[in-house]
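*Asks:* Attaching a single structure in structure tokens format; questions to follow.
The values are calculated or read from the model by the stated rules, or taken from the named source; none is laboratory data. All of these numbers come straight from a predicted model, not from anything done at the bench. As a convention, Cβ positions derive from the backbone with ideal geometry for all residues, glycine included, and neighbour counts pool all protein chains shown.
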Amino acid sequence: MTLRIEDYGIVGDLHSAALIGRDGSVDWMCMPRFDSPACFAALLGDDQHGSWRLGPTAGGLCTSRRYREGTLILETEWELPEGKVRLIDLMPPRGNHADLVRIVEGISGAVPMTTELRLRFDYGNVVPWVTEEGAALRAVAGPDSVRIDTGVEMTHDGVADGSVLRAHFTVRPGDRVPFVLTHHASHLPMKESVEPEAALRDTEEFWRSWIAHSTYTGPWAEAVHRSLITLKALTYAPTGAIAAAATTSLPEELGGARNWDYRYCWLRDAAFTLQALVGTGFIDEAREWRAWLLRAVAGDPADLQIMYGLDGRRRLPEYTIDWLPGYEGSSPVRIGNGAVGQLQLDVWGETLDGLHLAREAGLETDPEAWRLQLALLNYLEEHWDKLDNGLWEVRGPRRAFVHSRVMAWAGFDRAVRAVEELGLVGPVERWRTVRDRIHDEVCTYGFDPERNTFTQFYGSEGLDAALLLIGQVGFLPWDDPRVIGTVDAVQRELSQDGLLLRYHTHADDRVDGLPGSEATFLVCSFWLVDALHGIGRRDEAVALFERLLTLRNDLGLLSEEYDVHTGRHLGNTPQAFSHLGLVNSALRLGREVTPRDVESGVTDEVAVPSPASAASAAKENV
């Protein structure tokens, strides 16, 4: 049975993650990293492409499920005529190997249980060879090896039957039956698995200790903290990079071809991520993210990419795999992301904006950071007026996208402010001239005076939800009639039942060059929350924000998109951009809007807990 995208929860160990359905089946897990080939890929096919079901023999979806408060430990419960049983799933923070721990706990009655484990390496393409090694089972294929430890007897039917590992057992009150799956490189000796109960205690302590550092105490604390835990779960601990999502190729349209690999790190997320982390007190995570950002962009500014691998690697070649039919037949299934080679000029501005935010937060950094930013500015000065692919990574013709130019303006604006306010050294007069030139051009060619709105690109009649960021980045103050007109136009023309599309995919100009359509894009609706708040319509902003909270699944998770017609999540999941939007909107709604804020266009700047002074930050030469 195909589960809905919102029927999945996530557990992770800050290197990788597993998606577990309401039926107790692990249908997606990549080892040893988020972007490694999957060893369970039923999410994009069926059980024969790799899954691990653990649940009542009678089958069926769970009665209830939840995360243990303040953790990423998933508890799934079934209430049956025979009794009640609980499944506890977790991935302890990574030691030398990756472990998935599953503990079956009997609560009442006597419940027959079944587990069926089908390991399929290389995205469901390779059936491993299974052997017994002492009390454990070992599955090996190519570079991958998995050890399975449990206290119940498991049978395996060999390669002829697809190498299925099975067990049947019954649990009664007080019974705790553990299963531990451990992945390691096949050329290394098989190591002992973690002790499951100790792993449970350590994992619970890790997550509760981590979220206790949050400084957010606003009215939406539960939603904000769950989003922060989700963002932490998408973090690749060795480098501090945050994956855009844990999955690839979950469709933006069921049965369609808008299926992309999101298991990488986008530079565009820089400012949004730093706002969320700094604004909620996670200074160490903000520092690690900023350090990853600086390493990623180091080198020739002409070679700046929009995304990188979690370890900073540049080559992310896109290809399709034909043995996976795709989620609900949505093909092709893509590995890698061809957008890595696109020109998206907004990324330079967003990177500079993010580093400026880090300066304002007082984060210390390498003294070379400012020199690197000077190089980025030199490149942007020569190329800001080029046609590009825009932030939505369109695969149609390059255009003069308004958002790209607004973010180029933001890059120069932050540089000017760094010199004027923080005392850094740079050609401020030249930057001010470029900044003003960009501003004049955008207001002349990117604005439609008859409709009183900015447009998606020069000469276009179409709109783009990214235009809502014009006020947020300070390009114009929130009370400027052009900003208010743009907010009204975007809300009116891109709305589906009150939620926002990114842009109209069926417009005559076919801006994205792709067939089909897509659902409402969740982060865009959070941007609308911010914009409504910015122009002084706070009650409307709060109402929209609270509606968006109801779109989360029962575990508090959001995917990329939401289909208002079917009420289903679409796109890759859980989506960092959506959860960043939630956190940042909650932070902004918690601020009072003063007349001075509206005039200056800075109502979306977030308060930084205990920042260093501007003078101190300047001395660090950030």
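*Asks:* Filter segment 497-534 for residues that are touching a residue at least 40 places away in the same chain (Cβ under 8 Å), surrounded by fewer than 22 Cβ atoms within 10 Å (Cβ to Cβ) and over 24 Å from the mean Cα position of the chain (by Cα); which is nearest to Asn389 (Cα to Cα)?
*Replies:* Among those that are touching a residue at least 40 places away in the same chain (Cβ under 8 Å), surrounded by fewer than 22 Cβ atoms within 10 Å (Cβ to Cβ) and over 24 Å from the mean Cα position of the chain (by Cα), it is Gly513.
*Asks:* How many residues does segment 352-374 hold that are among the hydrophobic types (A, V, I, L, M, F, W, C) and either in contact with a Phe, Trp or Tyr (Cβ under 7 Å, 6 or more places away or on another chain) or more than 12 Å from Arg290 (Cα to Cα) (or both)? Let's see the steps before the verdict.
*Replies:* The first filter runs over segment 352-374 and keeps only residues among the hydrophobic types (A, V, I, L, M, F, W, C), leaving 352, 355, 357-358, 361, 363, 369-370, 372, 374.
Narrowing further to those that are either in contact with a Phe, Trp or Tyr (Cβ under 7 Å, 6 or more places away or on another chain) or more than 12 Å from Arg290 (Cα to Cα) (or both): 370, 372, 374.
Residues flagged as among the hydrophobic types (A, V, I, L, M, F, W, C) and either in contact with a Phe, Trp or Tyr (Cβ under 7 Å, 6 or more places away or on another chain) or more than 12 Å from Arg290 (Cα to Cα) (or both) within segment 352-374 amount to 3.
*Asks:* Okay, moving on. Output yes when any residue across segment 238-250 is free of Cβ contacts under 8 Å to residues at least 40 places away in the same chain, polar (S, T, N, Q) and closer than 30 Å to Thr550 by Cα, and no when none is. It would help to see each step written out before you state the result.
*Replies:* Pass one, segment 238-250, residues free of Cβ contacts under 8 Å to residues at least 40 places away in the same chain: none.
No, every residue in segment 238-250 fails to be free of Cβ contacts under 8 Å to residues at least 40 places away in the same chain, polar (S, T, N, Q) and closer than 30 Å to Thr550 by Cα.
*Asks:* Which residues, counting only those in segment 316-347, are over 30 Å from Arg414 (Cα atoms), of a type in the set (D, E, K, R) and either touching a residue at least 24 places away in the same chain (Cβ under 8 Å) or not assigned by TED's automatic domain parsing to the domain that holds Glu252 (or both)?
*Replies:* Within segment 316-347, Glu318, Glu328, Arg334 meet the criteria.
*Asks:* Evaluate segment 479-496: report whether one residue or more is surrounded by fewer than 23 Cβ atoms within 10 Å (Cβ to Cβ), within 29 Å of the chain's Cα centre (by Cα) and not in a helix (DSSP H, G or I).
*Replies:* yes
*Asks:* Has segment 273-281 got at least one residue that is assigned by TED's automatic domain parsing to the domain that holds Leu377 and assigned to a loop (DSSP other than H, G, I, E, B)? Can you show your working first?
*Replies:* Of the residues in segment 273-281, the ones assigned by TED's automatic domain parsing to the domain that holds Leu377 are 273-281.
Pick out the ones that are also assigned to a loop (DSSP other than H, G, I, E, B) and you get 280-281.
Taking every residue of segment 273-281 in turn, at least one turns out to be assigned by TED's automatic domain parsing to the domain that holds Leu377 and assigned to a loop (DSSP other than H, G, I, E, B).
*Asks:* Further, regarding this structure: Among residues belonging to segment 112-166 that are touching a residue at least 60 places away in the same chain (Cβ under 8 Å) and on the phi > 0 side of the Ramachandran plot, point out the one that is surrounded by the fewest Cβ atoms within 10 Å (Cβ to Cβ). First the steps, then the outcome.
*Replies:* Taking segment 112-166 first, the residues touching a residue at least 60 places away in the same chain (Cβ under 8 Å) are 113-125, 144, 146, 162.
Retained after the next criterion (residues that are on the phi > 0 side of the Ramachandran plot): 122-124, 162.
On the way: Asp122: 18, Tyr123: 23, Gly124: 28, Gly162: 13.
The selected residue is Gly162.
*Asks:* Kindly indicate which of Leu54, Leu80 is surrounded by 18 or more Cβ atoms within 10 Å (Cβ to Cβ) and either hydroxyl-bearing (Ser, Thr, Tyr) or modelled with pLDDT of 95 or more (or both). Working first, answer last.
*Replies:* Working: Leu80 fails: surrounded by 18 or more Cβ atoms within 10 Å (Cβ to Cβ).
Checking each option against the conditions leaves just Leu54.
*Asks:* Next question. Only residues that are at pLDDT below 95 and of a type in the set (D, E, K, R): list them for segment 503-536, please.
*Replies:* Asp508, Asp509, Arg510, Asp512, Glu518, listed by residue number.
*Asks:* Right, another one. Would you mind stating whether Val278 is modelled with pLDDT under 95, within 20 Å of the chain's Cα centre (by Cα) and farther than 22 Å from Ala408 by Cα? Break it down stepwise before answering.
*Replies:* Values: modelled with pLDDT under 95: yes; within 20 Å of the chain's Cα centre (by Cα): yes; farther than 22 Å from Ala408 by Cα: yes.
Spelling it out, Val278 is indeed modelled with pLDDT under 95, within 20 Å of the chain's Cα centre (by Cα) and farther than 22 Å from Ala408 by Cα.
The rows are residues; the columns are (1) in contact with a strand residue (DSSP E or B) (Cβ under 9 Å, 6 or more places away or on another chain); (2) buried (at least 22 other Cβ atoms within 10 Å of the Cβ); (3) outside any loop (DSSP other than H, G, I, E, B).
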residue: Leu357; (1), (2), (3): no, yes, yes
residue: Leu374; (1), (2), (3): no, no, yes
residue: Leu380; (1), (2), (3): no, yes, yes
residue: Ala415; (1), (2), (3): no, yes, yes
residue: Val419; (1), (2), (3): no, no, yes
residue: Asp436; (1), (2), (3): no, no, yes
residue: Val442; (1), (2), (3): yes, yes, yes
